[in-house]
1. Given the criteria in contact with a Leu (Cβ under 9 Å, 6 or more places away or on another chain), at positive phi and either touching a residue at least 40 places away in the same chain (Cβ under 8 Å) or part of a helix (DSSP H, G or I) (or both), does Asn170 qualify?
2. Listed residues Leu80, Leu76; which is within 30 Å of Arg347 (Cβ to Cβ), part of a helix (DSSP H, G or I) and away from the ligand (no atom under 16 Å from the Cβ)?
3. Determine the pairs where a residue that is under 13 Å from Ala245 (Cβ atoms), located within region 220-232, has a partner that is acidic (Asp, Glu) and more than 11 Å from the ligand (Cβ to nearest atom) with Cβ atoms under 7 Å apart, the partner being 6 or more residues away or on another chain.
4. Read through the list (1) away from the ligand (no atom under 16 Å from the Cβ); (2) on the phi < 0 side of the Ramachandran plot, then give the number of the only condition that Gly259 fails.
5. Could you check region 134-166 and list, in sequence order, the residues that are more than 26 Å from Leu214 (Cβ to Cβ) and either within 16 Å of the ligand (Cβ to nearest atom) or among the charged types (D, E, K, R) (or both)?
6. Filter region 221-235 down to the residues that are among the small types (Gly, Ala, Ser) and over 10 Å from Ser173 (Cα atoms), then identify the one that is nearest to the ligand (Cβ to nearest atom).
7. Please determine whether any residue of region 290-311 is surrounded by 20 or more Cβ atoms within 10 Å (Cβ to Cβ), under 30 Å from Asn170 (Cα atoms) and charged (D, E, K, R).
Amino acid sequence: MPHISKSLFCLRYTVNSLLIICMIVSALLISSCSDQKQQLNVFTWAGYVNDEIRTGFEKEFGVKVVVDTYATNEDLHAKLSLGATGYDIIMPSDYMVSIMIKSELLAKLNQDNIPNFESISPDFLDKYFDPENRYSVPYTFGTAGIAYDSDVVSPAPDSWTVLWNEKYKNQFSMLDDPRETPGLALKMLGYSLNTTDPEELNQAKEKLLEQKPLVKQYKNEAEELLIAGDVVMAHCWSGDAFRAAAERSSLRYVIPKEGSSQFIDNVCIPKFAPHKDLAEKFINYLLRPEINAKISAFTKYGTCVPAAKDHLPDAILMHEYIYPSEDVLQSLEWIRDQGDFTQQYSRAWEEIKAK
Ligand code: N2P
């Protein structure tokens, strides 16, 4: 008996040892597979990183790139403030870079890892929102305005007031954005879209409430609505209008005479990004002239890399939807981080949407 129980003990011991060895080997295999395929998580505006850019980077660097989208700077800020830690790349606009630096949500970039930084035009560097570009790299630039169907909207609009014309009731969309949309109403009233005067902001809010029964939809991605003919006008961003016009030839884009907003969207790395080194490689890749040209060609926003222009078709180079005339440029304002007053904009916008 003692002999049998000794054999049983040896057998059990061997089986257990084998099981443990198997578990260790499979754990090693799983971890080595996942190490081979690192994943870069990109959080950006819709239409900002297309499949060609994504798969080009995946193939060259042997990684996986996952793209998730947000509709406003404020949504991006809220998500990161609430503790989302999985993102490696984000693309906030100018004033949001400033807010995120102050909220300590961004990682400092190591420019030694981004040698193509040299290729950016100085016109887009050292701006107020990040004076030495320690946290941000410019990606694209554009404006907000009105896209309209020239077959239907007549005469051609030149003022924001067209968006208050009963004739177009239920036929147009507005940006769903706490700074852009009150900003438009402020411009129409002759004020700065960066006002910190509560009375001026209140007048803009009243105007937008008056307009609300005419609005078909508040939406930031107006491209599909315009192409499908679901709306004949849209308060939208220039690239979205330009892309829609490429699909439906009667569409035009105008920046109203009262003036509008302009922006630079930037590539940044969140402070707690899981793959910061890979994120810097991705930024460097985006700055290659031929890649940057592709980005400008499909987003239909401007490139900040002069050498990219050698790779761009004439239809994009110097197009007025990307490069407005000097007169129009004079009427544009950058949306600014207005500190504590920024909350007033968000509150006004929430109240408009809730009514
Ligand atoms: C997204 C365009 C975003 C521009 N289609 C606003 N910064």
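1. Numbers: in contact with a Leu (Cβ under 9 Å, 6 or more places away or on another chain): yes; at positive phi: yes; either touching a residue at least 40 places away in the same chain (Cβ under 8 Å) or part of a helix (DSSP H, G or I) (or both): yes.
Answer is yes for this residue.
2. Numbers: Leu76 fails: away from the ligand (no atom under 16 Å from the Cβ).
Result: Leu80 is the single residue among Leu80, Leu76 that is within 30 Å of Arg347 (Cβ to Cβ), part of a helix (DSSP H, G or I) and away from the ligand (no atom under 16 Å from the Cβ).
3. Note: pairs meeting the criteria are Ile227/Glu247.
4. (2)
5. Of the residues in region 134-166, the ones more than 26 Å from Leu214 (Cβ to Cβ) are 134-141.
Passing the criteria: Arg134, Ser136, Val137, Pro138, Tyr139, Thr140, Phe141.
6. Going through the qualifying residues, I end up with Ala228.
7. The answer is yes, given that some residue of region 290-311 is surrounded by 20 or more Cβ atoms within 10 Å (Cβ to Cβ), under 30 Å from Asn170 (Cα atoms) and charged (D, E, K, R).
So that you can scan it fast, the table gives a plain yes or no per residue for (1) touching a residue at least 24 places away in the same chain (Cβ under 8 Å); (2) assigned to a strand (DSSP E or B):
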| site | (1), (2) |
| --- | --- |
| Asn116 | yes, no |
| Lys127 | yes, no |
| Asp130 | yes, no |
| Tyr135 | yes, no |
| Tyr139 | yes, yes |
| Val152 | yes, no |
| Pro155 | no, no |
| Thr161 | yes, no |
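The values are calculated or read from the model by the stated rules, or taken from the named source; none is laboratory data. Since the model is a prediction, treat every value here as computed from it, not as a measurement. Note that each Cβ is placed from the backbone with ideal geometry, even for glycine, and that neighbours are counted across all protein chains shown.
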